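Following: one structure in structure tokens, then a few remarks.
The values are calculated or read from the model by the stated rules, or taken from the named source; none is laboratory data. The structure displayed is predicted, hence computed values, not measured ones. Using ideal geometry, Cβ is built from the backbone for each residue, glycine included, and neighbour counts are taken over all protein chains shown.
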Amino acid sequence: MDKLPVHSNGMIILGYPGRTFIVSIPLMNLEARYYEENSGFSVKVPSKRYFNKTEGLCGNCNGKKDDELDNKPLSEFVCSFQVEGQPDECEKSMEELPELKERIPLCEKLEDPVFEACYPLVDIEIYIEACSFDAVHSGDQKVAFCKTAKEYARQCCQAGLGIEDWPEVFDCDVKCPGDMEYSQCREGCPQTCSSVKNESADSMCNQLKNDGCFCVEGKVLNDTTCIDATLCGKTHYF
Ligand SMILES: [Ca+2]
């Protein structure tokens, strides 16, 4: 983690505490993210260049939501991308999941004024349904609610709108380890001993925005803890 960010041939690889990883090619406007906390991933491409040219789980990038499944039932479509195991078993396990019958009242609270400014950027309805589905299947409504709120705020941040107050409004825990602080939507790469040494490469990160745990001002990430930037490269820390 402390070797990151890595800059190579116009590509940036970043790691955030909490094990979020981003691979970005700023010149082409390409970005892939992986979130270890929920095994989530996202891929961002400019639609101008990739309109109707993508395929796979994320859809075909043609601006229409209703044709992503390639005219297949959801289970067949999803399981066709399975890397290991039998397609039959995959489809069966998906069919065993009961359909969502109604929204959970707690999940409907996502429709709160704190998120209102983001509605035009990210559709809140999908998140209320996802929250309800997770709440029913995981059995812990509050955990499902907070995870969904966090993911919604994250998508708003990537759409350009940082929402600072949601954890307090919804009473969700976003604590960070040690002396790190949680930021909803911070610009730039996380500061590490490597980035301190390479300021010009660090400036390539300016377009990136992400939520997560960050070291406080003046400190940088060294492995999994924050140290004073002046101590980078020294063997012993006191
Ligand atoms: Ca489509």
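Restricting to the range 15-47, what's the tally of residues that are away from the ligand (no atom under 16 Å from the Cβ), on the phi < 0 side of the Ramachandran plot and of a type in the set (D, E, K, R)?
Result for the range 15-47: 4.
Among (1) closer than 18 Å to residue 166 by Cβ; (2) in contact with a Gly (Cβ under 7 Å, 6 or more places away or on another chain), where does residue 118 come up short?
(2)
Would it be correct to say that residue 85 is free of Cβ contacts under 8 Å to residues at least 60 places away in the same chain and away from the ligand (no atom under 16 Å from the Cβ)? Full working, then the answer.
On the way: free of Cβ contacts under 8 Å to residues at least 60 places away in the same chain: yes; away from the ligand (no atom under 16 Å from the Cβ): yes.
When the stated conditions are applied, residue 85 passes them.
Inside the range 57-164, counting only helices (runs of 4 or more DSSP H) that do not spill past its ends, which hold 2 or more residues that are modelled with pLDDT under 95 and under 28 Å from residue 29 (Cβ atoms)?
Values: elements: 74-79, 87-95, 105-108, 113-116, 124-138, 141-158.
Here the list reads 74-79, 124-138, 141-158.
Please go through the range 13-53 and give me each residue that is of a type in the set (Val, Ile, Thr) and farther than 30 Å from residue 146 by Cβ, ordered by number.
25
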